[in-house]
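Working notes for the structure below.
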Amino acid sequence: MRPAAVIRVPVRWVDLDAQGHVNNAVVADYLQEARVRFLLDGPNAQLLGNGTLVVGHQVEYLAPVLFRSDPVEVRLWVGDVGASRFTIGYEVLQDGVPVARARTVLCIFDFAQGRPRRMTPEERGWFVAHSSPLEPLRHVERWRPGPSAFAVPLSVRWTDLDAYGHVNNV
């Protein structure tokens, strides 16, 4: 099945972690970069400025992403489209080899009202026109911390905030 978009994302030296490969959190950033470019190139670009929230992520890491001068290729599909939510599916390739598969569920959100809003017929129609069934990812069971779990307080840093003023999902 043909992807709705193919986005090439550069691998930067700063993306590497102590193990010498791209950190898994950075792979989620590659997904975000591809998703934003896809939306900006379409007629629904205004959704990025008016409230498109990530409400779910699932990523399967298949192989390490290594530093290369060639960008990784992110293939992107639109999956299920609801009244206010839609799903984006991804496949990340390096040198033609799949290194990650992922899904992001997004919700159209009205910040003034403080709640999700329905897509207009035009917005929804565009997503539906680009949608196709997505290959399922592995099922992930619910996880609950056990008795040996511990909590570590973290401070929110200025650089953690996105354009909406909340901590970015990445």
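The values are calculated or read from the model by the stated rules, or taken from the named source; none is laboratory data. Note that this is a predicted model, so its numbers are computed, not measured. Positions of Cβ are backbone-derived with ideal geometry, glycine not excepted, and every protein chain shown enters the neighbour counts. SASA here: full protein model, heavy atoms, side chains in, ligands and nucleic acids out. Shrake-Rupley method; radii C 1.70, N 1.55, O 1.52, S 1.80 Å.
Based on Cα contacts under 8 Å between residues 6+ apart, the stretch 58-170 shows a relative contact order of 23 percent. Computed in the context of the full set of protein chains, the accessible area of the stretch 8-112 at 1.4 Å probe radius has 53% of its extent on carbon or sulfur.
Over all distinct Cα-Cα pairs of the stretch 115-156, the Kirkwood formula returns a hydrodynamic radius of 15.7 Å. Over every Cα atom in the stretch 81-170, the radius of gyration and the widest Cα-Cα span, Dmax, amount to 17.8, 51 Å. A simple charge model with +1 on the Cβ of Lys and Arg, -1 on the Cβ of Asp and Glu and nothing else charged puts the dipole of the chain at about 420 debye relative to its Cα centre.
Given contacts defined as C-alpha pairs under 8 Å and at least six residues apart, what's the relative contact order of the stretch 1-115, whole-number percent? Don't skip to the answer; put the middle values down first.
Details: 203 pairs, mean separation 35.9, N = 115.
Worked out over the stretch 1-115, it gives 31 percent.
Descending by average beta-carbon neighbour count within 10 Å, the peptides 10-16, 86-92 line up as 86-92, 10-16, the highest first.
Each principal axis of the Cα cloud of the chain was evaluated for its coordinate range; sorted largest first, these ranges are 47, 41, 33 Å.
Per residue, the chain exposes 62 Å² of solvent-accessible protein surface, assessed with a 1.4 angstrom probe and all protein chains in place.
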